[in-house]
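All of the numbers you see were taken from the coordinates with simple rules; none came from a lab. These figures come from a predicted structure and were not determined experimentally. All Cβ positions, glycine included, derive from the backbone under ideal geometry; neighbour counts span all protein chains shown.
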Amino acid sequence: MSNEKEIVVSGVRPTGNLHLGNYFGALRNYVKMQDEYNCYFL
């Protein structure tokens, strides 16, 4: 069994200032995922 992490690619379209919806909807999860997966965020 390989020890390689799965890859996650996700993009966020900037639509203005960062707000709580961005934080709770995406960014908080991105931080959690980066230890478990090889992540590429755009």
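Structural remarks
- Surrounding net charge for Ala26, when Lys and Arg each add one and Asp and Glu each subtract one, Cβ distance under 13 Å: +3
- Using Cβ point charges alone (K and R +1, D and E -1), the dipole size of the chain about the Cα centre works out to roughly 220 debye.
- Relative contact order (%) - the chain, alpha-carbon pairs under 8 angstrom, separation at least six: 72
- The chain, Cα convex hull volume normalised per residue, Å³: 61
- Over the chain, DSSP H runs of length four or greater, each weighted -39,500 (n - 2.57), average out per residue to a 222 nm ellipticity of -3000 deg cm²/dmol.
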